[in-house]
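Comments concern the structure below.
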Amino acid sequence: MPKILIVEDDDYFRAAICDLLKSKNYNVLEAPNGKIAKDIISAASDIDIILTDIQMPGLTGIELLEWAKNEHHIPFIVMTGFSTLLETQSAYDLGAKEFIAKPFKGPELIALIEKTLGIEKKEYELLTPQVKEEYCKVSLDEFISKPRMDFDVYIQLGTDKYIKITNKAQAVQKERIEYYRAKGVRFLYIRREDFPKLVEFNLNIATIIKDRGEVSKEKKLKFLRFTGEAIMEKSFIDGLDRTSFNEAQSLLNLTVGMVSESNEHVDLLTMLNTHSDFIYAHSMGAAMYCTMIAKKMGFEANSVFYKLSMAAMFHDIGKKEIDRAILDKPRHLLSGEERKLVESHVTRSQEILMGIKGIPEDIIQIAYEHHEDCAGQGYPNAKIKKDLHPLSRILQISNLFLDIALKGPNNEGASAKDAIGQLERIYLSRVDADCLKALKTLFNLN
Ligand SMILES: [Fe+2]
């Protein structure tokens, strides 16, 4: 059976791994630190895998790897954790073969060992799905307020290489974050499907702090801004003109800043996110695309951008009153009754927004009209172009575009080019030509 050297200074943990490997009939050697490991490696010529910790007194896992790199050619599996983020990068640069984040489960380790040994086992495939994972970048600052995270955290080691450094439910120490920031780490990564949890987390924080009078406005704004930026990372679509994106980002930050001044507005956003993360992402994305399109169309006044992004943020708020199971059903499977219910979200949005003080009338109108269109085929009133608020047409096209481009409960998402292609095929006569042109300009597609 293959021979595995375990290098780990925690006696209890090392014994547990040892027992596990022995139970699978592996030959096991043990070293409590890098120095002893070095002696064992020099003496034995038939070690198949070195499983090593990183932080150990005397000689560290990294130093051991560095030494072994030139002398021996034994694959290393490195046990990592949030506290060894920077060292994980060094281990990767030194050629470590695999990584496993502590704490791990027995079957995960066995699967990784079998993979390293080249034993193709079904078990490995079951544990680590072969689909290409998608990750999204999260600012290090996002982690500051989190005592415990309910998602795995990764670092990026190469263009397509992400290493898990923390398993979910692990605590993150504030001092560590400060240390990484001082070392120049700006981003960590989480899986895309975990993204809503992060957003929800931040919104919960926003809700908590908004109820506490002593928290400064700046702090409230900071949390909401993080949420906004995180959403934009998700709704960012490849090929988008960077300048427009950056402008939209600062404009959206302004709007979010204004929203954070009102507890009622913050409550609205929280409600929306709690009901459906897709709707929340869609709404923030819509706010961004609306401002970008408006800019390309030549609008200059800040009041226009504010109204648009505010209307976009809350246009689907009425959906919070509709059962999620119905909202998530593909449109063609809805019964007549259900379709009516789904379509009622625009009237519900209007009612909710009217009930909140401080929301200007035209913002309510723009939100109310987002499913109307230029050909009189929309709902709820089948209005025609000349009767629509000019800014409603911008929200209409942003809404259609994001429905196709962003991943949702019923669609896989699409590239900007494909999304615009589909939009032109299905809705060309129904959308405003100037808005469409501006949208295409954002992606250099004119
Ligand atoms: Fe809608």
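Where a number appears in this text, it was derived from the coordinates with a stated rule and is not lab data. For clarity, every value in this text was computed on a predicted model and none was experimentally measured. Cβ sites come from the backbone with ideal geometry, for glycine too, and all protein chains shown count toward neighbours.
Would you mind ranking 292, 56, 1 so that the residue whose beta carbon has the fewest other beta carbons within 10 Å leads the list?
With the sparsest Cβ surroundings first, the list reads 1, 56, 292.
Quick one: net charge of residue 307's neighbours, Cβ under 11 Å, K/R +1, D/E -1?
-2
Calculate one ³J(HN,Hα) per residue across region 283-290 by plugging θ = phi - 60° into the Karplus curve 6.51 cos²θ - 1.76 cosθ + 1.60, and present them in order as whole Hz with x for glycine and proline.
Along region 283-290, the couplings run 5, 5, x, 4, 4, 5, 5, 4 Hz.
Principal axes first, then extents: for the Cα atoms of region 9-55, list largest minus smallest coordinate on each axis, whole Å, largest first.
Largest to smallest, the principal-axis extents are 26, 25, 12 Å.
What is the order of 372, 361, fewest Cβ neighbours within 10 Å to most?
Ordered by Cβ neighbours within 10 Å, fewest first: 361, 372.
Based on Cα positions only, what radius of gyration and what Dmax would you give for region 21-89, in angstroms?
12.1, 34
Could you calculate the contour length gain from residue 182 to residue 267, that is, 0.36 nm times the residue separation minus the distance between their Cα atoms, to one decimal place in nm?
Stretched out fully, the residue 182 to residue 267 stretch lengthens by 27.1 nm.
Which net charge results when you count Lys and Arg as +1 and Asp and Glu as -1 among the other residues whose beta-carbon is under 15 Å from that of residue 61?
That sum, taken over residues with Cβ under 15 Å, equals -4.
Taking the Cβ of residue 95 as the centre, find all other residues whose Cβ is under 12 Å away and add up their charges (Lys, Arg: +1; Asp, Glu: -1).
-1
Could you list, in their original order, any pairs among 383/407; 307/407; 102/168 whose Cα atoms are separated by more than 20 Å?
383/407; 307/407
Over all pairs of distinct alpha carbons, what does the Kirkwood formula give as the hydrodynamic radius of region 306-446, in Å?
15.7 Å
Mind checking region 29-104 for chymotrypsin sites (Phe, Trp or Tyr not before Pro) that DSSP puts in a loop (not H, G, I, E or B) and that have at most 16 other Cβ atoms within 10 Å?
Loop-located and lightly packed - 104.
What is the order of 185, 266, fewest Cβ neighbours within 10 Å to most?
185, 266
Compute the length gained on full extension between residue 357 and residue 434: take 0.36 nm times their separation in residues and subtract their Cα-Cα distance, giving the result in nm to one decimal.
In short, 24.4 nm is gained.
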